[in-house]
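Participant: One structure, as structure tokens, below. Some questions next.
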There are 2 protein chains.
Amino acid sequence: MKKLRYGIISASSIVPRFVSALNETKHSLVHAIGSSTLKRSEKLAKKLDIPNAYGSYEEVYTDPEVDVVYIANINDQHFEQIMKALSHKKHVLCEKPMVLTREHAQQAFAFAKEQGVFLMEAQKAAFLPTTNFVKEAIESKKYGELKQIQISASYANRFPDDHWMYQKHQGGALFGSGSYIIETLLVLLDNPSYEYQAMTHLGQSGEIDDVSIQFNFNKDLLVSTHLSTRVHTENVANFYFEQASISINDFWKSRKLRVDYHDNEDHDVMKFPNIPEMVYEINHVYDCIHEGLTESPIMSPEITMNTASLVEEIYKTTV
Amino acid sequence: MKKLRYGIISASSIVPRFVSALNETKHSLVHAIGSSTLKRSEKLAKKLDIPNAYGSYEEVYTDPEVDVVYIANINDQHFEQIMKALSHKKHVLCEKPMVLTREHAQQAFAFAKEQGVFLMEAQKAAFLPTTNFVKEAIESKKYGELKQIQISASYANRFPDDHWMYQKHQGGALFGSGSYIIETLLVLLDNPSYEYQAMTHLGQSGEIDDVSIQFNFNKDLLVSTHLSTRVHTENVANFYFEQASISINDFWKSRKLRVDYHDNEDHDVMKFPNIPEMVYEINHVYDCIHEGLTESPIMSPEITMNTASLVEEIYKTTV
């Protein structure tokens, strides 16, 4: 199979990191970028060495050389752009949160299947070696049963006042970081059943700037989570097994983890390749498309839909 | 004022630590111990150099030399012993959880006031220098506003199968450690208003062996807590302010804390005197009695009652 050519939607701040990850892969490359103004596209294309710059998204979708569209514009525009890209039979990788409602997730995945192309939410945490290490530990029970998880992702926002992160219907801690935690948990536990409770705090624009969610997974595992854009906190995922604990700092991009053994003071630090963290998801997209899949068996439509449901439900309690 | 003489109820495992703390104070001393068998009392009295050993609790209450009764037997016997000690006009310091229901807390504090003697729940965490440091930081706003707390207390139980810790009406994580977290939070925030949500997991005897509780204090501060006897976890209290974070390991007995500053990589470690942690509460009891108080202004009846209410409510959802 020839290399997969990516067309990028928007010149947002995540794009340089995505392109540097593309450049590290063997089977995928960046072909074009489209944003609302040609000037912005050209500037970023020059900086990142992208062959084609367009002054519209449409030109990316209609470029016959583009195999995969990577959507990275603001959250409330994802759904429309996904449907347009799919209508041109492009494969789609869309940044998280892929959509803001379960209904949109269902429509998008159904349309991708109909068009015979691949669609996945870009939840890079699902494919990291650190995540796989924890998943393997859960499944093999090598440290005994998993008994508790505590996980948080928080940072103090320093965006301009008119930034979309302060728009309540698409910004804040829940839309901004909720999917990191929820989807990582659902991937690790193989899309388990759950009950949950959520508490929220609202910022000045009515956006959820702080949310704590606790889960009971499979009626057996209590998990405490906390997400915030009010304050900077430690961003750690702690997995407590019967015989050891695994902790990961910045779990959505980490290249290492720590295992502490309960029967002594000993611990191990596991290190993984120091490459851009999005390489793993890009390689997964390649594998899926290469196998003719329309959906990922790991970052599955069910996980995206369940996460969208949960975020939508919590959001609705605040409006 | 002459030294306060303590009479101890029960020969439980906490007693040696309490006596060693008494021995470190200037104004209080141990005078007697009573347990259900004279042999147990004599054995512990010899080991800990306690002048009088009794084969019943009654002999402690009727000993005219005893000023303060310290109650350390199992949780579901506290209320009866408090009422007996108070009926003999003894001051009472009772281990946490002082009682298992709000009703019992109300009755006990009302009776103490009626008898003109002092009654307090032995929540040593309320009086630690580490707790005071955090309380002072909250009040002075020296690190800005407090924006988030994450706190947990968990340890894997290794008690014999027939231990009272596995009795659902008085054991497990909620009765065993719930008051540590809840009362520390209420003391730090000056008995704030709150909403809460709780999730529980039941152990083999139906006891709550895992509970996550999230709070919204004063409709402004979201707090995530997790308590467990299912598994060993890190036991850390993290206080996130706008400009710095304070973290305390084993916050209910710690002699140090760490302050991490958000604007740089710098941190400070604060160390406090390496004395038995119960010294601070014993000194507070002395001060209160010396001033003729029947209740503590810090570990107040309201805090004990609110905590008992909350624990009782959570417990009732499981039976």
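Participant: Would you pick out the residues in the range B:180-216 that are within 14 Å of another protein chain (Cβ to nearest Cβ), crowded, with 21+ Cβ neighbours inside 10 Å and charged (D, E, K, R)?
Facilitator: Scanning the range B:180-216 gives B:Asp209, B:Asp210.
Participant: Kindly indicate whether A:Val231 is at pLDDT below 95, assigned by TED's automatic domain parsing to the domain that holds A:Val134, farther than 23 Å from B:Leu202 by Cα and open to solvent by less than 20 Å² (accessible area, probe 1.4 Å).
Facilitator: Values: at pLDDT below 95: yes; assigned by TED's automatic domain parsing to the domain that holds A:Val134: yes; farther than 23 Å from B:Leu202 by Cα: yes; open to solvent by less than 20 Å² (accessible area, probe 1.4 Å): yes.
In short, yes.
Participant: Suppose the filter is under 21 Å from B:Ile248 (Cα atoms) and either open to solvent by 10 Å² or more (accessible area, probe 1.4 Å) or outside any loop (DSSP other than H, G, I, E, B) (or both); does B:Ala156 pass it? Reasoning before the result, please.
Facilitator: Numbers: under 21 Å from B:Ile248 (Cα atoms): yes; either open to solvent by 10 Å² or more (accessible area, probe 1.4 Å) or outside any loop (DSSP other than H, G, I, E, B) (or both): yes.
So B:Ala156 fits the description; yes.
Participant: Out of the residues in the range A:132-153 that are among the polar types (S, T, N, Q) and surrounded by 23 or more Cβ atoms within 10 Å (Cβ to Cβ), state the one that is nearest to A:Thr200 (Cα to Cα). If you could, list the steps in order and put the result at the bottom.
Facilitator: Residues of the range A:132-153 that are among the polar types (S, T, N, Q), as a first pass: A:132, A:140, A:148, A:150, A:152.
With surrounded by 23 or more Cβ atoms within 10 Å (Cβ to Cβ) added as a condition, the list becomes A:148, A:150, A:152.
On the way: A:Gln148: 22, A:Gln150: 18, A:Ser152: 14 Å.
Within the range A:132-153, the match that is nearest to A:Thr200 (Cα to Cα) is A:Ser152.
Participant: Determine if the range B:246-257 includes at least one residue that is among the basic types (Lys, Arg) and touching a Gly at 6+ places or on another chain (Cβ under 9 Å).
Facilitator: Within the range B:246-257, the first condition is being among the basic types (Lys, Arg), and the residues that meet it are B:253, B:255-256.
Checking the rest, the ones that are also touching a Gly at 6+ places or on another chain (Cβ under 9 Å) come to none.
Within the range B:246-257, not a single residue is among the basic types (Lys, Arg) and touching a Gly at 6+ places or on another chain (Cβ under 9 Å).
Participant: Output the residues belonging to the range B:235-265 that are open to solvent by 40 Å² or more (accessible area, probe 1.4 Å) and either polar (S, T, N, Q) or more than 28 Å from the chain's Cα centre (by Cα) (or both).
Facilitator: Hits for the range B:235-265 are B:Glu242, B:Gln243, B:Asn249, B:Tyr261, B:His262, B:Asp263, B:Asn264, B:Glu265.
Participant: Report the residue count in the range B:97-117 for those that are surrounded by fewer than 24 Cβ atoms within 10 Å (Cβ to Cβ) and not in a helix (DSSP H, G or I).
Facilitator: Count: 4.
Participant: Given A:Tyr286, A:Tyr261, which one is of a type in the set (Phe, Trp, Tyr), at negative phi and outside the structural domain of A:Val134 (by TED's automatic domain parsing)?
Facilitator: Values: A:Tyr261 fails: outside the structural domain of A:Val134 (by TED's automatic domain parsing).
Going through A:Tyr286, A:Tyr261 in turn, just one is of a type in the set (Phe, Trp, Tyr), at negative phi and outside the structural domain of A:Val134 (by TED's automatic domain parsing): A:Tyr286.
Participant: Residue under question is A:Lys219, and the condition is that it be away from every other protein chain (no Cβ under 14 Å), open to solvent by 50 Å² or more (accessible area, probe 1.4 Å), farther than 25 Å from A:His78 by Cβ and out of contact with any Cys (no Cβ under 8 Å at 6 or more places or on another chain); does it hold?
Facilitator: On the way: away from every other protein chain (no Cβ under 14 Å): no; open to solvent by 50 Å² or more (accessible area, probe 1.4 Å): yes; farther than 25 Å from A:His78 by Cβ: yes; out of contact with any Cys (no Cβ under 8 Å at 6 or more places or on another chain): yes.
No.
Participant: Further, regarding this structure: Would you check if A:Glu195 is within 20 Å of the chain's Cα centre (by Cα), more than 13 Å from B:Gln214 (Cα to Cα) and in the same structural domain as A:Lys256 (by TED's automatic domain parsing)? Even if it seems obvious, please write down each step before you answer.
Facilitator: On the way: within 20 Å of the chain's Cα centre (by Cα): no; more than 13 Å from B:Gln214 (Cα to Cα): yes; in the same structural domain as A:Lys256 (by TED's automatic domain parsing): yes.
It is false that A:Glu195 is within 20 Å of the chain's Cα centre (by Cα), more than 13 Å from B:Gln214 (Cα to Cα) and in the same structural domain as A:Lys256 (by TED's automatic domain parsing).
Participant: Among the residues in the range B:162-171, are any open to solvent by less than 20 Å² (accessible area, probe 1.4 Å) and at the interface with chain A (Cβ under 9 Å from one of its Cβ atoms)?
Facilitator: Taking the range B:162-171 and keeping what is open to solvent by less than 20 Å² (accessible area, probe 1.4 Å), we get B:165, B:170-171.
Narrowing the set further to residues that are at the interface with chain A (Cβ under 9 Å from one of its Cβ atoms) leaves none.
There is no residue in the range B:162-171 that is open to solvent by less than 20 Å² (accessible area, probe 1.4 Å) and at the interface with chain A (Cβ under 9 Å from one of its Cβ atoms).
Participant: Say whether the condition of being surrounded by 16 or more Cβ atoms within 10 Å (Cβ to Cβ), charged (D, E, K, R) and without any contact (Cβ under 8 Å) to a residue 60 or more places away in the chain is met by at least one residue in the range B:274-296.
Facilitator: no
The values are calculated or read from the model by the stated rules, or taken from the named source; none is laboratory data. Quantities reported herein were computed from a predicted structural model and do not represent experimental measurements. In this analysis, Cβ positions are derived from the backbone assuming ideal geometry, glycine residues included, and neighbour counts consider all displayed protein chains. Keep in mind that these areas ignore ligands, DNA and RNA; they rest on the heavy atoms of the full protein, side chains included. Shrake-Rupley method; radii C 1.70, N 1.55, O 1.52, S 1.80 Å.
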